[in-house]
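The values are calculated or read from the model by the stated rules, or taken from the named source; none is laboratory data. Nothing here was measured: the structure is a model prediction, and the numbers come from that model. Cβ sites come from the backbone with ideal geometry, for glycine too, and all protein chains shown count toward neighbours. Accessible surface is based on the protein model in full, side chains and every heavy atom, while ligands, DNA and RNA are left aside. Shrake-Rupley method; radii C 1.70, N 1.55, O 1.52, S 1.80 Å.
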Amino acid sequence: MPPLPPDTNSPAAPKSYTPHLLHKFDSPAELKQLHAHLVKTNASISVLPLPKVASVCSRGRCFPYAQHIFARSDNHDTSVWNSCLRALAEGDHPIDAVSLFYQMRTSGVLPDAFTCSFLLKACVSLLDIANGKILHGVVEKLGFGSNLFLQNMILNLYGLCGEMADAMLLFDKMPQRDVVTWNTVITQMLKSGKPKEAIDYFLELEEESGLRPNQVTVVSVLAACADLCALDLGKRVHEYSNRSGFKNNVLVCNTLIDMYAKCGSLEEASRVFDEMEGKRTVFSWSAMIVGLAAHGRAQEALSLFSSMLQDGTEPNGVTFVGLLHACAHMGLVDEGRAFFTSMTRDYGITPGIEHYGCMVDLLSRAGLVKEAYEFIMEMPIKPNGIIWGALLGGCRLHKDIKLAEQAIQHLSVLDPLNDGYYIVLSNIYAEAGRWEDVTRVRKLMKARGVKKTSGWSKITLDDGIVHEFVAGDESHPQAEGIFRKWDELVVEMMLRGYVANTSLVLLDIEEEQKVKFIYRHSEKLAVSFGLLNTPAGTTIRIIKNLRVCEDCHSALKLIAAISGREIVVRDRNRFHCFKDGCCSCGDYW
């Protein structure tokens, strides 16, 4: 870039150069022409509209030129600099706002609260925690520590950047808080994988702060309830939402459908959906279809899709994930193929990795593992670990060792520390009696530092307290009562023909030890606890991080019949709704 011409420091533009012409530039080239004209006519650079200079140069990626102009301008008015910072912070290159801020400081211009807000906006866009922390110090130094708007922005920045320790330190020190403050904490707790803490803050907001949660709070807490399968608290939030005038709020209603479905209460989800008649969006229909699919009610999901089309609502990618998921879990191969073709041909939706994953899962579960492998090899996008993991799962179901070994070769590169894949391969070898290969896989896991994930199950009681159990757990305060309850259930189940499926225990131990091992699976302990601590007749709801095994599946069907309870288990794959000795998924899961 050629050097800038000297500034004559003339106090104003010539009379022949009317002020409105100073705004007639929309590109860096036009700005340079205007700049040259000002120099030629002995006009000061300071007459240029600096906010527009900043915006145009930022869009044209020649911000250094704008910095030269700022350096030669004698305009030190904070409001002018703020206008420039705002234009940059809200533009395509917010990093330029950060650069201008440092130039502003070296120019001796004193920042105000607006300055800080524009810079924080830029830091949020950039997820720039380093400059955000520096700016936090500037805010405190300038005496803006009680400015609630700025404090909320800093709190949000810390949360977005994963600095929850700093976020909570700031939250605890804030002299005042508003609903925005609480919403920020609740939302960021969710994004940090802490739904229980999000709910705790909601309860504190509702009971102690004197503030009224708004729509944003309601949506965030409902999402937390869905994550924890906390149905009772979700119902409480639903009631609050209705009292607060959000009953007809489409976003809240869509979130309610999702929450109820994920908590295993399709009846409540359907009730909300039905009450939305005339206000449903594609997200409403998709949430309901996905919920039905997850509960193994494939035909209802497909029927609802037909109703959606009759309603005139065009599906989106999420809709087809739900449809393909439904087909995969119920073995509807032809229907799944038709949907996969239709999404592109009829609706112009380009399949994403999740759609390809559903198709691989569909084919693999149905025993078409070779076709699934060929499907993967012909994919136009690179398959990820989920794709190969779906194929591996199909190989386990249908005992295809050769393809399983090919899948694990890819998974060892794409997801080398995921213990689940190694364990599936080890189990495939064990079922085939290839014990040397079992030993080899376990040695490989040890050499690569892969650790086996412990299975856990969680149950949330009416008081909102989450109780977690791991396989063989004896640490719970009620452990003695839980084991006694389980022993009572075993007696009842045996009278109905139950025999522990010890073939699932792929360890070289005595039969008696295998029985004890399988009796102590985490979902069995959680159900026993639930029977002891919830009123008779109420539904027991459990979340499990791994897949429900065949023995637990058989046992829970019997326990549901013995206890007269409905037992809902959400594992890593789907929902299992046990009632009257049956399960919503049948035996295809």
Problem - Among (1) surrounded by fewer than 21 Cβ atoms within 10 Å (Cβ to Cβ); (2) among the hydrophobic types (A, V, I, L, M, F, W, C); (3) touching a Cys at 6+ places or on another chain (Cβ under 7 Å), the one test that residue 100 misses - result: (1)
Exercise for the section: Sort out which residues of the stretch 157-213 are assigned to a loop (DSSP other than H, G, I, E, B) and crowded, with 19+ Cβ neighbours inside 10 Å, and write them in order of number. Expected result: 161, 213
Practice task
Could you please give the count of residues in the stretch 425-455 that are surrounded by fewer than 18 Cβ atoms within 10 Å (Cβ to Cβ), in contact with a Lys or Arg (Cβ under 9 Å, 6 or more places away or on another chain) and closer than 23 Å to residue 573 by Cα?
Solution key: 2
Practice task
Mind counting the residues in the stretch 280-307 that are open to solvent by 30 Å² or more (accessible area, probe 1.4 Å) and more than 25 Å from the chain's Cα centre (by Cα)?
Solution key: 5
Practice task
Scan the stretch 1-60 for residues that are polar (S, T, N, Q) and modelled with pLDDT of 55 or more and jot them down.
Solution key: 27, 33, 41, 42, 44, 46, 55, 58
Exercise for the section: Spot the failing condition for residue 143; the list is (1) in contact (Cβ under 8 Å) with a residue 24 or more places away in the chain; (2) on the phi > 0 side of the Ramachandran plot, and only one is missed. Expected result: (1)
Practice task
State all residues of the stretch 560-570 that are closer than 16 Å to residue 458 by Cα and open to solvent by 10 Å² or more (accessible area, probe 1.4 Å); if no residue qualifies, say none.
Solution key: 570
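Considering the stretch 216-254 alone, what residues qualify as being in a helix (DSSP H, G or I), open to solvent by 60 Å² or more (accessible area, probe 1.4 Å) and not basic (Lys, Arg)? Give the derivation first.
Here is the first cut: in the stretch 216-254, the ones in a helix (DSSP H, G or I) are 216-228, 231-243, 250-254.
Then drop every residue that is not open to solvent by 60 Å² or more (accessible area, probe 1.4 Å), which leaves 216, 227, 232, 235-236, 239, 242-243, 251.
If the condition is that a residue be in a helix (DSSP H, G or I), open to solvent by 60 Å² or more (accessible area, probe 1.4 Å) and not basic (Lys, Arg), then 216, 227, 232, 239, 242, 251 are the ones that fit.
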Practice task
Please indicate, with yes or no, whether at least one residue in the stretch 345-352 is more than 16 Å from residue 423 (Cα to Cα), among the aromatic types (Phe, Trp, Tyr), part of a helix (DSSP H, G or I) and in contact with a helix residue (DSSP H, G or I) (Cβ under 9 Å, 6 or more places away or on another chain).
Solution key: no
Fill in the blank from the handout: Filter the stretch 497-540 for residues that are modelled with pLDDT of 90 or more and of a type in the set (D, E, K, R); the one that is farthest from residue 470 (Cα to Cα) is 524
Practice task
Scan the stretch 380-424 for residues that are surrounded by 15 or more Cβ atoms within 10 Å (Cβ to Cβ) and assigned to a loop (DSSP other than H, G, I, E, B) and report the count.
Solution key: 5
Problem - Looking only at the stretch 105-149, and only at residues there that are assigned to a helix (DSSP H, G or I) and among the hydroxyl-bearing types (Ser, Thr, Tyr), the one that is surrounded by the most Cβ atoms within 10 Å (Cβ to Cβ) - result: 115
Handout entry: Lone unmet requirement of (1) more than 22 Å from residue 220 (Cα to Cα); (2) modelled with pLDDT of 95 or more for residue 297
Key = (2)
